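Working notes for the structure below.
The values are calculated or read from the model by the stated rules, or taken from the named source; none is laboratory data. None of these values were measured; they are calculated from a predicted model. Reconstructed Cβ throughout: ideal geometry from the backbone, glycine too, with neighbour counts over all protein chains shown. The protein model used for the area step is the full one, side chains on, heavy atoms only, and it has no ligands, DNA or RNA in it. Shrake-Rupley method; radii C 1.70, N 1.55, O 1.52, S 1.80 Å.
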Amino acid sequence: MADRVTVIGWDGSPPTAAARSALGAATLVAGSAHHLALPEVPPRAERIRLGSVALAARRIAAHRGSAVVLADGDPGFFGVVRTLRAPEFGLEVEVVPAVSSVAAAFARAGMPWDDAQVVVAHRRTLRRAVNVCRAHAKVAVLTSPGAGPAELGLLLEGVHRTFVICEELGTDREQVTVVTSDKAADHSWRDPNVVIVIGGSAGPGVDGEGGGWLAGRDPGTEPRGWVLPDESYGGHLGEGETDLLRAAQLARLGPRVGDLVWDIGCGSGAFTVEAARAGAAVIAVDRDVAACARTEAVARGFGVQPQIIHGTAPHVLENLPEPDVVRVGGGGAAVVSAVVDRRPQRIVAHAATRDAAELLGRDLTEHGYRVECALLQSVELDIRAWTEKERSVAFLLSGVLPERTT
């Protein structure tokens, strides 16, 4: 094992005294081509071109001497330190940090970033990164080849955002470009780059005076509760939109950051808002223009930004991006059949009668979903006289793909 392993962050600035000292003693240096070309790298040191960090870690573990790993930005922030410290390599590392590429990008843009979401986009995580950009007003995306500005723009079709694209930060080829998301695919972008994605309704607490106390979205600005009282939505709730039913639907679906939720038959917009408050991206669909308008209004009031589509399911669903979880609030068996063909992880639907519930449950089961059904009955009481005011009964069906339970 190497006698000493030092990880040095590089942001384009001259190396610090600690970095120069570690490099001067190094017998092995790992890094990208532009790192290995630095004049401070000892000419006699063994050099490893950093492609696979895991492969480099194995060679460092077998090396006798002092090793240095050079990495862009802060190597402890979505960087190589995590891999090098993995138990299978047994490496103890010292870290000389630098300004992270995310901090540098926001500095170039002249913007604060304590209220930003930060995501990493690889080919396997690109869809989830895009969902975060759909759901949040300020996102920094650490890109990779095949998951860069062009791909982000293409997958955000129908959602307007502004991109601040920072290419090759810290080098003499550094360039900062501002484009709208629909134009990002018209250009070729140099790696490495960071994309700041801005747009939509910022909501309370974003870029406000004094800042917040928690990085990212401040939950202190949100009303408490997974679901809000019916009166929060202006008294326009329809059948199947009671607060207790919404709570059960949210509990079954578990929408979270990085998810895309379809809310089909969004009605008042209550479920749409509550799924978006959980941090998920939401596409709300309704055939009623007034329902779409109500959903847009309540979403704006709560500072969330679903994409709202006026159209009739199931036909309008054909060109929508792949969902993770789906609430079917209207349309019955025909819509459920169209949804299961897209294989979301979880689906919830409700029915007013047992016959309708059996039809939905059979369809879900035939498509490989594990189905549960509960009869939910709620009775609202007037506590002055403890008499019944209103009664609601619904069959709640939920389907989960066994191979995709998370």
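Tabulated data for the structure shown
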item: Sites matching trypsin sites (Lys or Arg not before Pro) across segment 239-280 that sit in DSSP coil, with at most 16 neighbouring C-beta atoms within 10 Å; result: Arg256
item: Fraction of beta bridges assigned by DSSP in segment 83-199 that are antiparallel (%, nearest 5); result: 80 percent
item: Using θ = phi - 60° and Karplus 6.51 cos²θ - 1.76 cosθ + 1.60, couplings along segment 184-195 (whole Hz; Gly, Pro as x); result: 5, 6, 7, 10, 9, 10, 8, 8, x, 9, 10, 10
item: Global geometry of the chain, whether rounded, prolate or oblate, following the gyration tensor of its Cα atoms and the 1.5 cut on a/c; result: prolate
item: Heavy-atom accessible surface of the chain: percent carbon and sulfur, 1.4 Å; result: 52 percent
item: DSSP bridge orientation in the chain - percent antiparallel, rounded to nearest 5; result: 50 percent
item: Built amide H within the under 5 Å cut-off of Met111, gap 5+; result: none
item: Charge dipole (the chain, unit charges on Cβ, about Cα centre) - positive-most of Trp10, Phe163, Val325; result: Trp10
item: Net charge contributed by nearby residues that have their C-beta within less than 10 Å of Ala2 (K/R +1, D/E -1); result: +1
item: Distance cut-off 14 Å, percentage of C-alpha pairs in segment 296-371 lying past it; result: 64 percent
item: Table column - 3J(HN,Hα) (Hz), segment 244-261, Karplus curve with 6.51, -1.76, 1.60, x for Gly and Pro; result: 5, 5, 4, 4, 5, 5, 4, 5, 6, 7, x, x, 8, 4, x, 7, 10, 9
item: Whole-Hz couplings from phi, Karplus 6.51/-1.76/1.60, listed for segment 15-30; x for Gly and Pro; result: x, 6, 4, 5, 5, 5, 5, 5, 5, x, 9, 6, 9, 8, 10, 10
item: Cα gyration tensor category, rounded, prolate or oblate, for segment 256-347 with a/c compared to 1.5; result: oblate
item: Fraction of alpha-carbon pairs over 17 Å apart in segment 311-351 - percent; result: 19 percent
item: DSSP-loop GluC sites (Glu not before Pro) across segment 250-342, with at most 11 other Cβ within 10 angstrom; result: Glu318
item: Segment 101-197: C-alpha gyration tensor shape, a/c 1.5 cut-off, then a/b vs b/c; result: rounded
